[in-house]
Amino acid sequence: MTAMDVLESEGLYENAEKMGGILLNELRKLPKEVVDVVRGRGLFCGVEIKETDSFNAWEVCLKLRDAGLLAKPTHGHIIRFTPPIVINEEEMKECTDIICSTITSFN
């Protein structure tokens, strides 16, 4: 069985689309005072942080890590979120709760 067969037989394409939609929907609710732009496709999503003298994307990522979620800062002001393709709704809810509470704390 090839990797492509597994993706198809286990419904992982559909899962990525569904879970990515949930993630993007929650990211779009983040405060505009902290997040400038939200974009993504499937489970590859990102936010542009409005950097200030008091915080930047790296500091947000450190606080996310301390809350139990790993994310990658890119280009200084962008944070990438790339959950695993096998993530389920309960796990996505936990992730979005961490993201929302952490980013809102910078507001």
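Data table
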| quantity | calculated |
| --- | --- |
| Hits in segment 44-70 - residues which are closer than 23 Å to residue 15 by Cα, open to solvent by 20 Å² or more (accessible area, probe 1.4 Å) and in contact with a Gly (Cβ under 9 Å, 6 or more places away or on another chain) | 44 |
| Criterion (more than 14 Å from the chain's Cα centre (by Cα), charged (D, E, K, R) and outside any loop (DSSP other than H, G, I, E, B)) met by exactly one of 48, 33, 8, 26 | 8 |
| Meets criteria (touching a residue at least 60 places away in the same chain (Cβ under 8 Å) and over 21 Å from residue 22 (Cα atoms)) for residue 59 | no |
| All positions within segment 70-83 that are over 12 Å from residue 23 (Cβ atoms) and in contact (Cβ under 8 Å) with a residue 12 or more places away in the chain | 73, 74, 76, 77, 78, 79 |
| Pair list, Cβ under 6 Å, 6 or more apart: segment 10-35 residue basic (Lys, Arg), other residue surrounded by 12 or more Cβ atoms within 10 Å (Cβ to Cβ) | 28/38 |
| Tally, over segment 78-105, of residues that are in a loop (DSSP other than H, G, I, E, B) and in contact with a Lys or Arg (Cβ under 8 Å, 6 or more places away or on another chain) | 2 |
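The values are calculated or read from the model by the stated rules, or taken from the named source; none is laboratory data. The structure presented is a predicted model; accordingly, all values stated were derived computationally and were not measured. So basically every Cβ, Gly included, is an ideal-geometry build from the backbone, and we count neighbours across all protein chains shown. Protein only, heavy atoms only, side chains kept; ligands, DNA and RNA dropped before computing areas. Shrake-Rupley method; radii C 1.70, N 1.55, O 1.52, S 1.80 Å.
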